[in-house]
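Comments concern the structure below.
The values are calculated or read from the model by the stated rules, or taken from the named source; none is laboratory data. In this text the structure is predicted, and so the values were computed from the model without any measurement. When we count neighbours, we look across all protein chains shown, and the Cβ atoms used for this are built from the backbone with ideal geometry, even at glycine.
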Amino acid sequence: MKIYTKTGDKGMTSLIGGKRVPKNHPRIEAYGTTDELNAYIGYLRDYEIKDRHKFFLLSIQKDLMAISSLLAADCDGCEEKLPQLKGESIVLLEKEIDELNAQLPVLKSFLIPGGHPVVSFCHIARTVCRRAERSVLSLMDDYDISDGVLSYLNRLSDYLFILSRTLSLDFQSGEIIWKPALDK
C-alpha cells in the first residue's frame, strides 16, 4: 500500500464516513490538534521518567486515539463502530492528579514553565491540550460531540500541569514562581 493517495493535493481530505472536507475544516483542526498533543505525550514518554508515568502516559495516548476517531467521524451510526472514550478514563485522570498532587508543595502563585526539558515539554503538551479543548468546544457549536471529550481534555491539561510539577520535583529542577511587577 502506498502512503500517498494524491486525493489531498487540492486541500481536501475525507472524514470517517467518506465526507470530503477542506483540510482546515473544524473537525480536521480538532483531531489534528489532538494528534499533535498525542505526539508530544509520546515525546514525554521517551524521557527517562518513572515507569508509573510512562504507563499512564501510554494509556492517555490510547484515549487520545479514541478521541481523534470520534472527532473525525461524520456519519450516522459510525460512532458505534469506533473506539469509545470510556467514562472511567476521566476518573482515572482525576485519581492520578489527586495522588500526584498530594505529594507536592502547596502552590499559591502561577509558575513560569521550564527548569528541565521534560518539565518544559509537559507545559508544551498542556498548552496544546488547551488548544485542543478550544477546538473541540468550537466544533461542539455545530456538531454533536460527546461532552466527555471536552471533560477529558480539560482534566488532561490539569494532569499535565501536575505532572510537570511532579517531574520538576523528581529532577530537582526547582519551580520558578511568577511574581508580577505591580506598580504601587
Next on the checklist: Based on this model, can you work out whether A66 counts as of a type outside the set (V, I, T), touching a Leu at 6+ places or on another chain (Cβ under 6 Å) and within 14 Å of L156 (Cβ to Cβ)?
Outcome noted: yes
Checklist entry - Residues A30, A39: which one is among the hydrophobic types (A, V, I, L, M, F, W, C), in a helix (DSSP H, G or I) and buried (at least 16 other Cβ atoms within 10 Å of the Cβ)? => result A30
Checklist entry - Does any residue in region 141-153 that is in contact (Cβ under 8 Å) with a residue 24 or more places away in the chain and of a type in the set (G, A, S) come within less than 6 Å, Cβ to Cβ, of a residue that is in a loop (DSSP other than H, G, I, E, B) and buried (at least 16 other Cβ atoms within 10 Å of the Cβ) six or more places away or on a different chain, and which pairs are these? => result G148/L85
Item to check | Q61 being surrounded by 13 or more Cβ atoms within 10 Å (Cβ to Cβ), within 30 Å of D144 (Cβ to Cβ), polar (S, T, N, Q) and under 13 Å from the mean Cα position of the chain (by Cα) | outcome: yes
Checklist entry - Which one of V118, V136, V128 is over 21 Å from N24 (Cβ atoms) and in contact with a helix residue (DSSP H, G or I) (Cβ under 8 Å, 6 or more places away or on another chain)? => result V118
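Residues are listed down the side, and each one gets a yes or a no for (1) within 28 Å of F171 (Cα to Cα); (2) of a type in the set (S, T, N, Q); (3) at pLDDT 90 or above:
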site: L71; (1), (2), (3): no, no, no
site: D76; (1), (2), (3): no, no, no
site: S89; (1), (2), (3): yes, yes, yes
site: I97; (1), (2), (3): yes, no, yes
site: G114; (1), (2), (3): yes, no, yes
site: A125; (1), (2), (3): yes, no, yes
Checklist outcome for this item: Of the residues in region 144-173, those that are more than 16 Å from K50 (Cβ to Cβ) and out of contact with any helix residue (DSSP H, G or I) (no Cβ under 7 Å at 6 or more places or on another chain) number 2
Item to check | Spans of helices (runs of 4 or more DSSP H) in region 74-184 with at least 2 residues aromatic (F, W, Y) and buried (at least 20 other Cβ atoms within 10 Å of the Cβ) | outcome: 147-170
Checklist entry - Which one of these does K50 not meet: (1) at pLDDT 90 or above; (2) surrounded by 13 or more Cβ atoms within 10 Å (Cβ to Cβ)? => result (2)
